[in-house]
1. Any residue in region 189-208 that's surrounded by fewer than 16 Cβ atoms within 10 Å (Cβ to Cβ) and at pLDDT below 95: show its pairings with residues that are in a loop (DSSP other than H, G, I, E, B) and not charged (D, E, K, R) at Cβ separation under 7 Å, as long as the two are six or more apart or on different chains.
2. Does G62 satisfy the condition of being surrounded by fewer than 16 Cβ atoms within 10 Å (Cβ to Cβ), at positive phi and among the small types (G, A, S)?
3. In this structure, is A133 aliphatic (A, V, I, L, M), within 21 Å of L185 (Cβ to Cβ) and assigned to a loop (DSSP other than H, G, I, E, B)?
4. Among the numbered conditions (1) assigned to a loop (DSSP other than H, G, I, E, B); (2) under 22 Å from D50 (Cα atoms); (3) of a type in the set (G, A, S), tell me where A162 comes up short.
5. Look at region 167-181 and say how many of its residues are buried (at least 20 other Cβ atoms within 10 Å of the Cβ) and either in contact with a Pro (Cβ under 7 Å, 6 or more places away or on another chain) or of a type outside the set (A, V, I, L, M, F, W, C) (or both).
6. Can you confirm whether L138 is modelled with pLDDT under 95 and out of contact with any helix residue (DSSP H, G or I) (no Cβ under 6 Å at 6 or more places or on another chain)?
7. Which one of these is over 15 Å from the mean Cα position of the chain (by Cα), over 22 Å from L204 (Cβ atoms) and free of Cβ contacts under 8 Å to residues at least 40 places away in the same chain: A120, A165?
Amino acid sequence: MIQPQVRHGRPSNRASPLQNQSCSMPKRIKSRSTTILTVRHRGIVAIGGDGQVTLGTAIMKGDAMKIRRLMEGKVITGFAGASADAFALLERFEAKLKDYPQNVPRAATELAKDWRTDRALRRLEALLTVVDARSTLLVTGNGDVIQPTDGVLGIGSGGNYAVAAARALIAHSELSASEIVRQSLEIAAGIDIYTNTNIVVEELPCAT
């Protein structure tokens, strides 16, 4: 009778194939960005954005509103990134504006502090552009509040294209701030696949 072979020694540390399988959560579907542009020119600050919402490889919506007026229209914001995250940030920013109604840069700085340190806010994936009569600001989740030197600021996947177009139009055309924003966004839409030509532009008079 053949006896079964018994091996003596240290147990193996090799994991079974089932043990090696990852138990990670499913990957979050990427919400692609957009293009927001603001231009401060000839006494007017204009801000505009397109309406495309892209989820993964599909266009889900073409007429989303990504420009919002706050503080009875005295402050205008534009956002790029996940819409739900951006709306959560806008609610926080509006609360900061009520705390500092005459100081938009201070309100933006306080939001950036919370965004960086709050455990829930740190997970939000969005960028905010904020303009009023005196300031043009970029607010990020890294705690940054940035004011561009020339009053031209673009965010989102087509932001750099729009900024380049806007600077060229400021230097070589007689267009108004709103016209520059609109034409620059149209140029960006012709290059960036996550930006469309359904464009909304708002403006405010600059403080003298």
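The values are calculated or read from the model by the stated rules, or taken from the named source; none is laboratory data. These numbers were taken from a predicted model, which means no experiment stands behind them. Note: ideal-geometry Cβ built from the backbone for every residue, glycine included; neighbour counts use all protein chains shown.
1. These pairs meet every condition: A207/A133.
2. Values: surrounded by fewer than 16 Cβ atoms within 10 Å (Cβ to Cβ): yes; at positive phi: no; among the small types (G, A, S): yes.
No, not satisfied.
3. Values: aliphatic (A, V, I, L, M): yes; within 21 Å of L185 (Cβ to Cβ): no; assigned to a loop (DSSP other than H, G, I, E, B): yes.
So A133 fails the test.
4. Result: A162 fails condition (1) only.
5. Count: 0.
6. On the way: modelled with pLDDT under 95: no; out of contact with any helix residue (DSSP H, G or I) (no Cβ under 6 Å at 6 or more places or on another chain): yes.
Considered against the rule, which asks whether it is modelled with pLDDT under 95 and out of contact with any helix residue (DSSP H, G or I) (no Cβ under 6 Å at 6 or more places or on another chain), L138 comes out as no.
7. Working: A165 fails: over 22 Å from L204 (Cβ atoms).
The match here is A120.
One line per residue, one yes/no per condition, for (1) more than 15 Å from T38 (Cβ to Cβ); (2) β-branched (V, I, T); (3) touching a Leu at 6+ places or on another chain (Cβ under 8 Å):
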{"site": "N103", "(1), (2), (3)": "yes, no, no"}
{"site": "K113", "(1), (2), (3)": "yes, no, no"}
{"site": "Q147", "(1), (2), (3)": "no, no, yes"}
{"site": "I199", "(1), (2), (3)": "no, yes, yes"}
{"site": "E203", "(1), (2), (3)": "no, no, no"}
{"site": "A207", "(1), (2), (3)": "yes, no, no"}
